[in-house]
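See below for the structure under consideration.
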Amino acid sequence: MTKKNYEDIASKILLLIGGKENISYCTHCVTRLRITTKDKSLIKVDEINKLSGVVGNQWSGEQFQIIIGNEVEDVYKAICKLADIKEEASIDENLDVNVKKEKGIKGIFSTLLEILSSVLAPIIPAIVACGLLQGLLYSAQSLGWIDPANETYTFFFTCSQVAFYFLPILVGYSAGKRFKCNPILAATTAGILMSPSFSALAGTQIKLFGIIPVMYAGYASTVIPAILTVYFQSHVERLCKRFVPKMIDIIVTPLVTVMVSAIVGWTILAPIGGWLGTFVAEGILWLYTSLGPIGGAICGAVYPFMLMTGMQVAMSPITVQNLATLGYDFIYPCTAASNAAMAVCALYIFWKSKDENTKSMGLSTGITGLIGVTEPVFFGLIAKYKKALIATVVGGAAGGLVMGAFTVQYLSFGFVPFGTIVLAMTETFPYYMIGVCIAMVVAFVMMYLLKWKD
């Protein structure tokens, strides 16, 4: 789109959602506009779906999401300018704020999912940076371009470990922002949990004040202990703000907040969080390794439905935990198989379709799908055509079968299958490529056998 097109589509979207007066909150993520309206009955869903530049739409609670694709930020800025509203932080920093929460078990699960996602999303760039550096180093070492004993290699390898070792501090800072307490104090408390001095005493027990038992453990590279502790800390800080006189607030509140949270964190919350994190990661790993190829096939087959419901973010904590405890993740390769199948289906549609708009969408979303951005291809084509969805599921399952059979490794968050392919360059890389290629071939054959046409 040109700049003029951005303003054109923005003005049409504003009109079809009931005007700027109907907006109560508006932000965006990588591919979607996320709008909360005062009266959702004013939204003309079908007409929005027909707009040129709109791939699709969906509801998430009370939030209306318009799927734009890679140009969503430009459209969002145009909407903010036309509606004269303040630009909000993207979804990476503020996930689904002001969305009305559902009640019951579903609501509790949605809330937990939102908390985990909003805490982890801002730190993913740091994990990607260090993970990509690890991938580059591993590739250079495997190709014989650098000696792992070389001091240059050692320097960069140490750099690549930082985001993982100090993960609790990053999580603590992000959780502090999410739970609306001082993020610097939150990071400080998380730093206390993973202090190397305490980690060196792992397995030993002391008694604070001769009464309170503290079992030292290693919490470096963990996620859940920091989140639980910072959540508790947010309440301690609010109590201090409520009762401590303003004159001494700057002195008393930080001291009480950090020390009380550190004690409760070490004695209760961190051990619980550490157990939960280990249980989840090892449980998923056990299921995956026990089922082997079947587990990989299931992951590859169901991923499109997770993408459809937004449930793919539920895998982020597992990926973080896998990277921290295993040094690699096994979920991403299965996702790569599914993404590859989706992309090939889109390119097949480009090849076979006689409609110019459909051909254009097939080509553009097929290419971005190969890079690793799949929401446009899924909502624009796969969810629209049942045969394409069947081909994606079968192709993803076939590729996932290979990924599970050989426990294919991926070194960090990235864009699969090919956007950050260097992160797949471990000893299992040949199987990664085989799995991806099989997913693509099977998806193509399925589209042919099902005789897809407009």
Residue match in segment 337-351 (condition: over 19 Å from V408 (Cβ atoms), of a type in the set (S, T, Y), modelled with pLDDT of 90 or more and assigned to a helix (DSSP H, G or I)): yes
Failed item, numbered, when S197 is tested on (1) under 26 Å from T426 (Cβ atoms); (2) of a type in the set (G, A, S); (3) surrounded by fewer than 18 Cβ atoms within 10 Å (Cβ to Cβ): (1)
Which numbered condition A391 misses (of (1) within 23 Å of the chain's Cα centre (by Cα); (2) among the small types (G, A, S); (3) surrounded by 22 or more Cβ atoms within 10 Å (Cβ to Cβ)): (1)
Selection count, segment 1-36, where residues are open to solvent by less than 20 Å² (accessible area, probe 1.4 Å), under 23 Å from E375 (Cα atoms) and without any contact (Cβ under 8 Å) to a residue 40 or more places away in the chain: 2
Single residue of Y219, Y165 found to be surrounded by fewer than 21 Cβ atoms within 10 Å (Cβ to Cβ), closer than 30 Å to G135 by Cα and hydroxyl-bearing (S, T, Y): Y165
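Condition test on K86, is it modelled with pLDDT under 85, of a type in the set (K, R) and within 27 Å of the chain's Cα centre (by Cα)?
Yes; evaluated as a whole, the condition is true for this residue.
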Some residue of segment 306-321 being modelled with pLDDT of 80 or more and not in a helix (DSSP H, G or I): no
Pairs with Cβ under 9 Å, 6+ apart, first in segment 368-380 and under 11 Å from P304 (Cα atoms) and among the aromatic types (F, W, Y), second at pLDDT below 75 and open to solvent by less than 30 Å² (accessible area, probe 1.4 Å): F378/L307; F379/L307
Count of segment 135-163 residues which are free of Cβ contacts under 8 Å to residues at least 40 places away in the same chain and farther than 21 Å from A220 by Cβ: 13
Qualifying positions in segment 172-191 - over 14 Å from H235 (Cβ atoms), touching a residue at least 12 places away in the same chain (Cβ under 8 Å) and of a type outside the set (K, R): G172, Y173, S174, A187, T188, A190, G191
Meets criteria (part of a helix (DSSP H, G or I) and crowded, with 23+ Cβ neighbours inside 10 Å) for G191: no
Test: residue in segment 231-239 that is touching a Phe, Trp or Tyr at 6+ places or on another chain (Cβ under 6 Å), at pLDDT 90 or above and open to solvent by less than 20 Å² (accessible area, probe 1.4 Å): yes
Single residue of segment 52-70 satisfying the filter (under 20 Å from G362 (Cβ atoms) and buried (at least 16 other Cβ atoms within 10 Å of the Cβ)) that is farthest from the chain's Cα centre (by Cα): G53
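The values are calculated or read from the model by the stated rules, or taken from the named source; none is laboratory data. No experiment lies behind these values; they were computed from the predicted model shown. Counting neighbours? That spans all protein chains shown, and the Cβs are built from the backbone with ideal geometry, glycine included. Areas reflect the complete protein model, heavy atoms only, side chains present, ligands, DNA and RNA absent. Shrake-Rupley method; radii C 1.70, N 1.55, O 1.52, S 1.80 Å.
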